[in-house]
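Worksheet for the structure shown next.
The values are calculated or read from the model by the stated rules, or taken from the named source; none is laboratory data. Remember, it's a predicted structure, so these values are computed and weren't measured experimentally. No Cβ is skipped: glycine too gets one built from the backbone with ideal geometry, and neighbour counts run over all protein chains shown.
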Amino acid sequence: MKELQLLGTSACHLCELAEGVLSHCLAQGYAWEVEVIDIADDDVLISQWGEQIPVLLDPASGAALCWPFDGEAAIAFAESAA
C-alpha cells in the first residue's frame, strides 16, 4: 500500500478540494493510505510549506506535489514515487 501525506490546514478551501481529489482516487480503488497533516501547529512545516499548501508528499522519497493537482496528476505522482 502506498503511503502519502497531505499537508494543509483546517481552514483552507484548497485543502478541502485536494482532499476531494484524493477521496475520488481512493474510491476508484487506488491502494493508498493518506495521512492528512494539519501544519497549523508546526512552525517548521508552516515555514517550509505554508505558502504552497495543499501539498501531497511521499514520505518514503521526500517527493512533493504542490497544488493545483487533479486526480490524474495525483495518480502519476503516486506511481512515479513508488
On the basis of being touching a residue at least 12 places away in the same chain (Cβ under 8 Å) and over 20 Å from GLY71 (Cβ atoms), does ILE39 make the cut?
yes
Can you name the residue in the stretch 66-82 that is part of a loop (DSSP other than H, G, I, E, B) and surrounded by 14 or more Cβ atoms within 10 Å (Cβ to Cβ) and, of all such residues, is modelled with the lowest pLDDT?
ALA81
Pull up the stretch 20-65, narrow it to residues that are part of a loop (DSSP other than H, G, I, E, B) and touching a Gly at 6+ places or on another chain (Cβ under 6 Å), then point me to the one that is surrounded by the most Cβ atoms within 10 Å (Cβ to Cβ).
PRO54
Before we move on, is LEU7 without any contact (Cβ under 8 Å) to a residue 40 or more places away in the chain, touching a helix residue (DSSP H, G or I) at 6+ places or on another chain (Cβ under 6 Å) and either loosely packed, with under 13 Cβ neighbours inside 10 Å or in a strand (DSSP E or B) (or both)?
no
